[in-house]
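Below: the structure, in structure tokens.
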Amino acid sequence: MKWCWLISLVVMLAGCASGFMEEPPRSRVIETPQNQKLKGWQKPYEVFGQRYHPLLDHEGFVEDGLASWYGRDFHGKKTSNGEVYNMHDMTAAHKTLPLGIFVRVTNKSNGRETIVRLNDRGPFVKGRIIDLSYSAAKELGVVGPGTAPVRVEALGYRQTGPDGEVSYRAPSSYDVGSYTVQIGAFTVLENAERLAAQMRDREGHSAIERGYVENQLFYRVRAGKYTSLESAENAAQKFTLQGFPSSFVVATN
């Protein structure tokens, strides 16, 4: 899968005196009794210490952010849903939307738009929301600059009527849920506890999650409670501006 190749390109950053460290790359599918009946690509997974919960529904999903593209290096390799990646097909990768649905992508810098089918996971680069195939990126004018500001709108599963007219079937809304934001990871417990105490005063909630990555114990500080993906993403942006550049959204149970 594409994101497995990306992980191998990342190296662990050295820790500083405060005990704050970037977690080394890691990926794993999260198995629970509740998701045993899900297909592999529908199950929660973790990359770079961040947990992703693929969305089973998508109606009303609209997202603004940065698009990138991937091409020849991945051509012929398997995607997250088991297909073989073809850089000339109109496909794309997204971290959480259901694989198999179609999305409309609009390049906000030039007004071009196209429709692509999601068949892969990614991009796992901060700030990027969709990874386009070469053909999709070329149609949108993204190949040259490499990235572009876009709007992604989920359309649904494509169906063709008797008259050949194409329509899209959209299931129910998914955005309501339970989320928090991870703002840092420490190797020294006291430093994590100090930040967590500050966040409890400021945000009303904070917790420390412990986890081993490559035999190194990390204390992950998470702040705030949010009931929608949009509000959590907005909070992550706020934390980034407040001096926590590695902030990201985490889905909770």
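Odds and ends about this structure:
- The simple Förster model, with R0 at 45 Å and r as the Cβ-Cβ distance, assigns residue 242 and residue 163 a FRET efficiency of 0.25.
- Shape call, the stretch 183-246: gyration tensor on alpha carbons, a/c limit 1.5: prolate
- The protection proxy used here, the mean number of other Cβ atoms lying within 10 Å of each residue, ranks peptides 120-128, 75-83 as follows, highest first: 120-128, 75-83.
- Label-point separation, residue 104 to residue 212 (7 Å along Cα→Cβ), nm: 5.0 nm
- Placed amide H near residue 87: partners under 5 Å, 5+ positions off or other chain: 76
- Of the peptides 91-97, 234-240, the order by per-residue mean of other Cβ atoms within 10 Å, starting with the highest, comes out as 91-97, 234-240.
- The stretch 72-152 - percent relative contact order, Cα under 8 Å, separation 6 or more: 34 percent
Quick note: the coordinates plus some simple rules give every number you see, no bench work behind them. These numbers were taken from a predicted model, which means no experiment stands behind them. Please note: Cβ atoms are built from the backbone with ideal geometry, for glycine as well, and neighbour counts cover all protein chains shown.
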